[in-house]
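K.L.:
Would you mind keeping the following structure in view while I ask a few things?
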Amino acid sequence: MIPTPPKAILFGSVGTLAEMAEVHRRAYNAAFAAAGLDWTWTPEIYAQLQAHAEGAERIARFARERGETVEPILLYREQNRAYMRMMRSLGVPLRPGVAALIAAAKADGRAVALVTTAPRSGVDALLSCTHPPVTAEDFACIVTAEQVERGKPDPECYLTALKTLDLAPGEVVAIEDSPCAAAAAIAAGIKTFGFPGRYHTASLFPGAQAVVAELDPAHFGLSRAGLRETA
C-alpha cells in the first residue's frame, strides 16, 4: 500500500497496540459505582460515545444529556485507576500484526512512536502487561496527555511527535483505531491507516490511506524480515 517505508511509524491510541475497549467500558462503570452514580454504560451506549475521543469529554457529555452535575476529571482519574487494576489482572495480548510490524520497522532502521493522549501512567501500565512484550524502549518517541493541552481530534499530539522526531508529515505514517483519533493525524498532514478497534469495525475513516483488519509489514513497504519489499 506504501511502496517505500516511511522514516517512522506512529501508533496512535493505545488501542492500536491492544484491544482494550471492553476493559475501558467496565472501568468506567466501576468508577461510576465508586462515585455513587447509578450510571451504566452498556456496549450500545459506549459505542455511541466513541465519537468523542477523550474520556473526560465523554463523561461530561453524558452528564449534560442526563441533566446531572459531576466532576468529569475526577471520574476519569478513577476510571483510569480501575482500568489499570483490571489490565494487570487480565494481561494484554497485542492486536494482530502489531509485534511483526514493530520488529520489521526496527530491523529496517525505521523509528516507531506512540502518539496518544492517554495518561503516561496508563501507557506504562499497558506496556508492562503486553504479550508478546512491547516496552517503552521499543519507541523512539512516546507522546502522552501530559505533553499536550488539546486532545484528539486536535493534531497537537502528532505535531509534538513530529517535532520530537525531527521529521516532516510526509516522512511518517500513522495508525489509528477510531475515526476521531485518525482525524488528528490527518489534520497534521500524515498518511493514516485505519485499524478499527472493537467499536469501530463498521466505521468510516474519511481521508485515511486505507482501513485494515490486521497490520502487515508489507502495508508499509517492509518485509516480515525487516527488509524492504522489492519490485
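Quick note: the coordinates plus some simple rules give every number you see, no bench work behind them. Computed from a predicted model, the values in this text were never measured in an experiment. Here the Cβ positions follow ideal geometry from the backbone for every residue, glycine too, while neighbour counts run over all protein chains shown.
K.L.:
Highest first, please rank the peptides 205-214, 165-174 by the mean number of other Cβ atoms sitting within 10 Å of their residues.
P.N.:
Answer by packing, highest mean first, reads 165-174, 205-214.
K.L.:
Which residue fluctuates most in the GNM of the chain (Cα springs below 10 Å): L37, L162, L126?
P.N.:
Ranking L37, L162, L126 by mean-square fluctuation puts L37 first.
K.L.:
Given points 7 Å out from each Cα along the Cα-Cβ axis, report the T201 to K106 separation in nanometres with one decimal.
P.N.:
3.0
K.L.:
Along the three principal axes, how long is the stretch 90-231 when you take its alpha carbons, biggest first, rounded to the nearest angstrom?
P.N.:
Result, largest extent first: 41, 35, 34 Å.
K.L.:
What residue among I45, I142, I175 has the largest mean-square fluctuation in a Gaussian network model of the chain, using Cα springs under 10 Å?
P.N.:
Result for the chain, Cα springs under 10 Å: I45 fluctuates most.
K.L.:
How big, in percent, is the set of alpha carbon pairs in the stretch 1-118 lying more than 18 Å apart?
P.N.:
Looking at the stretch 1-118, the distances longer than 18 Å represent 58 percent of pairs.
K.L.:
To continue, here is another question. Give the percent of DSSP beta bridges with both residues in the chain that are antiparallel, rounded to the nearest 5.
P.N.:
Rounded to the nearest five, the antiparallel share is 5 percent.
K.L.:
Sequence gap at least 6, Cα distance under 8 Å: using those rules, report the relative contact order of the chain to the nearest whole percent.
P.N.:
Relative contact order, the chain: 27 percent.
K.L.:
While we're here: What residue among T201, T164, T69 has the largest mean-square fluctuation in a Gaussian network model of the chain, using Cα springs under 10 Å?
P.N.:
T69
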